Each structure stands twice: as structure tokens, then as C-alpha cells.
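Reviewing the structure listed below.
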Ligand SMILES: [Zn+2]
């Protein structure tokens, strides 16, 4: 008898207990005891190492608790046990979709093969397609989901979004009923299309329908923050946080708003500038550039903004990155939300790698085009136009052609104009976002060149009517999109074929240049370098041919040769601070102070947080009798708190005096003497300007 009981017990333990444990794990999870649930899953998986379902469920818990990495690991483990586990395939697709990775679609497809009734996979594919602005596919996939389950909320929401994005009334909205998630999906599509106000409106609807939808509270907060409505943003983010919704975007956004106290705000009639308190030296450079840009774009886009443009400059790249979290196309240097621009500070990146003025022209172009089109512009066009603007004012600005772009050109990976948006949103290879920026920029260059600059404005006005790319190309360029692609590719080939074909040779011989330089064979460096520099002239980064040649010239004592070479480096867009300064020195030595000042002025657009730069440039401008220019440089110098504070105040005093601003000259001479009371030149200057200071 007792033996019998024992057998029964074993039986129960072996077969019933695991089910109880899964139930227990799920029960704890639903009771928000995440740690308890996690422990249950851990035990369950340890006891059943070959069970794919348990690992998948555990992964779902991690996914819900903001640990995408662990979720991904567990889905992978589940798939290693059962490659056709539909849930794990869909979970993986979801993770890719969250990062705007092109593989999302592929995994959703696999999930459907494993389980054709999995309507959520169709919903996911519909979402990805609509993010790419592929409306046909989005509708087909939403319909496929609805054919399996007529009540599939994301299927309904995608159908609704298709109508709403086209500015049409939608019968689908009512079908969402009281399911906040459906409104949240619509809000997501508005935000993806930079229609933040409408996005905010739909997040509010989502919350009204489902008050405890914390994801919607968080997203509402983030989008309010993007538009600068900080009080309300904080309220929503705090609410999500207090209710244990603590994903990276929520936590980091709150942290970012806390850091706003470290910023100073400078206002003019048309501009708002937020700078870190340590970087107020940037103020005149940014304000002047903003005004210059606005004057240019007002003419070019034939419109005035009716609110000031706000520019926020972040010294910590991570802070800036928070602004773009959960958005496609990362790695950006700047981002525009209606009339608010957030961007890296020159100090947020290694000096020489970032041209802040290019970025500002780029982002401000978005402000105008988004305003002009009421945000109804396809991604490729607004990005292409912004890239086009970077080089429109100065050819040496903007991004240079990178080796990844050369590889994409070689492998014919550029996308047709009708599909190019997906290259920005769901890249299928590493460099596709960069390649898409390049391609869209070149498309706008090409349109401007062939049909005239004003054609770009005509197109923007058509996009304002919410017309699709293919229609605008047909109407405005009087050709089929396929014909446009063909002509455009022929132009790109003409421009780049030499570099694409010559790239292997350039790569190989650049190594020879390096070796020759190492061996001190200066004539070889110059000969090989000159032979290959025309193959890939855009390469101005580390280890570029120009610098090798210039150094070889200097070693030979041939300054004219170095000057010539560095001139090329500058014109083509070389940005290394030391190299540009070396060029300026050679120009000065050659008796060309004006050209030397111009070379140094280029650096103000790249890395203006450099005391030595302002000191040198201020000196040159004084020599050239450009007193107002010298004032600007010495003011920047003083703002940066250089080691020689007394000398800097004195120099600023001299510049003020030369500019006829004696009151300020006197003030600065006094500032110099406060630091160094025995500073004779400052004493003398003070006497000079005190005589006729009225
Ligand atoms: Zn952009």
C-alpha cells in the first residue's frame, strides 16, 4: 500500500509538477511578481532543458520587463531546440522590428510558415511595411491578419493609419473600440511620419481608452518632451515610472530632463538656443549661423517661420541620443521635431569628425520643409534636400563619400526612388542608412542640376498636398520613376565610376605610401601619393594621402609643395584641426595672413571650443584690421577660460579699442588688471582709453 502511494507520488511529480510550475510562473508574472516568476522559469528550464516553449515564455517575460537582450537569447535557445517554434520566431521578429532592423520581416515570414494562423505575424509585417511607407503591402498584410481574426487590433489600427496618414476619415477608427493599444499604434505612425501633434493626440486617446497603458503614457511624455513641453512631459513620464514602466526610453528621458538645469537658454526674436553652461562660448557662432541660415532659407523656400527655432546643443552624445531613442535612422548628429532641433555639441564627438554647421544647415532645412509641407513629406525627400543644403553653401561642408558608399555603388545596392524610404527605416545591411542619405542627397543634387533649384521647391509644394513620391516624380519631372532611376544612376556612374573602379588600387597603393613614409622615402610618398589621390579625392580622414604628401614635402624642405597639397586637403573638406592649423602656419609664413585667417575660420565651423584657435585667429584678424572679427574671437577665448586669463582680457580690450568701443575696452583692461595688477600693457591701454572714453 505504502509502496503504491509512493509510485503515485512519483507519477505526479514527473508529469503534473512541471505544468504547475509553468502555471505558477505565469501566475506570479501576472501578479507583477517578476522576480518570483523569473525564479520559477529558471527552475523550470533547468529541469526541462529540451523544452522550447518554456524558454520562449521566459523570453517573453524578459521582453516585457525591458530586457531585449535576454529575451533574444532565450528565443534563440528555443529556436535551437525547435527551429519552427512560431512564438520564438515572432518574438525575434518583434525584437528586430523594435530596432528598425530589416530582418523583422524575414522572421515574421518564418513564424507564419510555422503557424499560418499566427495573425500577429501579419500585423507585424503590416507595421513594418507602413513604417517604410509601403502602403500596398501594409494594407495586404493588415487584411491578411483580419482574415484570420476580424478583431485583430493592430490590423485594424494599420488600416485606420493608412486612411489617417492620407488625411482621410477612417471607418476603422471606430472598430478599435476601447482598446488603447489600437490608438497607440496609430500614434506611432503619426510620430514616425514626424506628425508629432497628431501623435500626441492619439496617445491621449489611447490613455483615455486604457488608463493603465503605461507604454502610451511614456510615449506621450517623450513626444511632449520632443516638442519642448517639459512640465506635462515630466508628469506622464513620472506616472509611467511610478507604475513600474521603466524601459530605457522612460528612464533616460527623465534623466535628460533633470540635466536641463545645466543648460542656459538664450533668446532672440527668432531663435532660442540652449547651451550647456560650460559651452556658452558657442553662442555667437550658433546664433550668427542660425540667422544666416534663416535669411537664406526664407528666400529659397519663400516662407517665414511664425515661431522661433529652438536649437539644443548636447555635449554628451548619450543625452542627445535619448532624444532619438525609439526612432529609425540612429547614428544621427542632429534631429528635428517640428521647430525644435536637438544636436550634438562639437565637444560631443572627437574634434575633426563633426562639422556642426553642416548639421545645423541640415536640421534647419527640415524645420522649413516640415513646416512648408505640414509634415507631409516623404523621408527621402526631406533628408535628401537637407543633405543637398549641407554642400549648397560651401562645397567643402557636408559628408564625404565613405568606403561603405563606394562598396554599395560597386555592388549596385542603391534603391529605386519609389522604394528608397525603406533604406532609411529598415536597413537590410549595415551601412544602408548612410548610403540612403547619400543617395537621397544626390537625387536632390541631380534634380536641382537638371531641372533647376526651384524644381525642388515645386516638389515640396506637391508633397505638401500629401501626394506619393511616384505621382510627384511623374507630374513634376515629366517622367516615370523608373526612367528617373535610370537617368539618375547614369549620372552617379559618371560622377563616381573612377573612384569605384580605382578603389582597390587606391587601397593597395595607400599602403605603399604609408610604408614609404615610414621608411623616410619622401620622393616615393609624393610620387605614389600624387598618382592615387585623384582616384578617391574625398578621403580626408586618418591616414589620408594629402597629409602624407604634405609631411613628405616638409621633410624635404619644400614648403610650396606642402602648401599646395594642404590647400587641396582644405578645399576637399579636410577637417583635422592640427593639419588645418599647419596649413594656416604655412600660409602665414608665405605672407598670406588673409588666407591663413580663412583657413582657421573653417575650424570655427568644426571645433570652436579651442582656445589656441581663437587666440591665433584673433591675432590674425587684428593684423588684417578686422576689429569686429577679432572681438568675436577674443570674446570666445575669454569665455573658454584660457590659462592666460589676463592676456586674453587684454587682447579683447585691444580689439574693442580698435573697433572704437572704448567703454568695453576699458572694462576689459580692468578685467585684465584684476587678474594681473602689474600687467603693464593693460595699464597703458587703460590710460589710453580712459582719456577719450566719452
Ligand atoms: Zn535629417
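From the list 216, 249, 240, 209, the one residue that fits, being touching a helix residue (DSSP H, G or I) at 6+ places or on another chain (Cβ under 8 Å), modelled with pLDDT under 95 and buried (at least 17 other Cβ atoms within 10 Å of the Cβ), is 249.
Table: residues versus (1) touching a residue at least 12 places away in the same chain (Cβ under 8 Å); (2) within 35 Å of the chain's Cα centre (by Cα); (3) within 21 Å of residue 419 (Cβ to Cβ).
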site: 463; (1), (2), (3): yes, yes, yes
site: 471; (1), (2), (3): no, yes, yes
site: 479; (1), (2), (3): no, yes, yes
site: 504; (1), (2), (3): no, yes, no
site: 508; (1), (2), (3): no, yes, no
site: 538; (1), (2), (3): yes, yes, no
site: 558; (1), (2), (3): no, no, no
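Take the conditions touching a helix residue (DSSP H, G or I) at 6+ places or on another chain (Cβ under 7 Å), surrounded by 13 or more Cβ atoms within 10 Å (Cβ to Cβ) and farther than 22 Å from residue 339 by Cβ and apply them to residue 256. Does it pass? So residue 256 does not fit the description; no. Pairing each residue of region 357-378 that is free of Cβ contacts under 8 Å to residues at least 60 places away in the same chain with any residue that is more than 11 Å from the ligand (Cβ to nearest atom), provided the two are 6+ apart or on different chains, yields C-beta distances under 8 Å for 359/344; 363/311.
Looking across region 289-320, the residues that are more than 16 Å from the ligand (Cβ to nearest atom), in a loop (DSSP other than H, G, I, E, B) and either under 12 Å from the mean Cα position of the chain (by Cα) or modelled with pLDDT of 90 or more (or both) come down to 302, 303, 304, 305, 306, 307, 308, 315.
Within region 321-354, the set of residues being away from the ligand (no atom under 11 Å from the Cβ) and under 17 Å from residue 265 (Cα atoms) comprises 339, 340, 342, 344, 345. Please verify whether residue 480 is buried (at least 16 other Cβ atoms within 10 Å of the Cβ), away from the ligand (no atom under 16 Å from the Cβ) and either at pLDDT below 95 or farther than 29 Å from residue 400 by Cα (or both), treating the condition exactly as stated. In short, no.
Is it fair to say residue 420 is closer than 18 Å to residue 362 by Cβ, away from the ligand (no atom under 16 Å from the Cβ) and free of Cβ contacts under 8 Å to residues at least 60 places away in the same chain?
Spelling it out, it is not the case that residue 420 is closer than 18 Å to residue 362 by Cβ, away from the ligand (no atom under 16 Å from the Cβ) and free of Cβ contacts under 8 Å to residues at least 60 places away in the same chain.
In this structure, residue 440 does not satisfy being at pLDDT 95 or above, within 16 Å of the ligand (Cβ to nearest atom) and over 23 Å from residue 129 (Cα atoms). Looking across region 44-70, the residues that are more than 23 Å from residue 251 (Cα to Cα), exposed (fewer than 15 other Cβ atoms within 10 Å of the Cβ) and free of Cβ contacts under 8 Å to residues at least 24 places away in the same chain come down to 46, 49.
Scanning region 102-135 for residues that are touching a helix residue (DSSP H, G or I) at 6+ places or on another chain (Cβ under 8 Å) and outside any helix (DSSP H, G or I) yields 102, 115, 117, 118, 132, 133, 134. Among the residues of region 398-417, which ones are away from the ligand (no atom under 16 Å from the Cβ), within 28 Å of residue 504 (Cα to Cα) and not in a helix (DSSP H, G or I)? Across region 398-417, the qualifying residues are 400, 401, 402, 411, 412, 413, 414, 415, 416. Among the residues in region 53-75, are any closer than 12 Å to residue 22 by Cβ and more than 36 Å from the chain's Cα centre (by Cα)? Among the residues of region 53-75, at least one is closer than 12 Å to residue 22 by Cβ and more than 36 Å from the chain's Cα centre (by Cα), which makes the answer yes.
The sole residue among 395, 357, 386 that is more than 11 Å from the ligand (Cβ to nearest atom) and part of a helix (DSSP H, G or I) is 357. Being more than 27 Å from residue 137 (Cα to Cα) and away from the ligand (no atom under 16 Å from the Cβ): is that true of residue 448 here? When the stated conditions are applied, residue 448 passes them.
The values are calculated or read from the model by the stated rules, or taken from the named source; none is laboratory data. Just so it is clear, the structure is predicted and the values come from calculations on it, not from any experiment. Backbone-built Cβ (ideal geometry, glycine too); neighbour counts: all protein chains shown.
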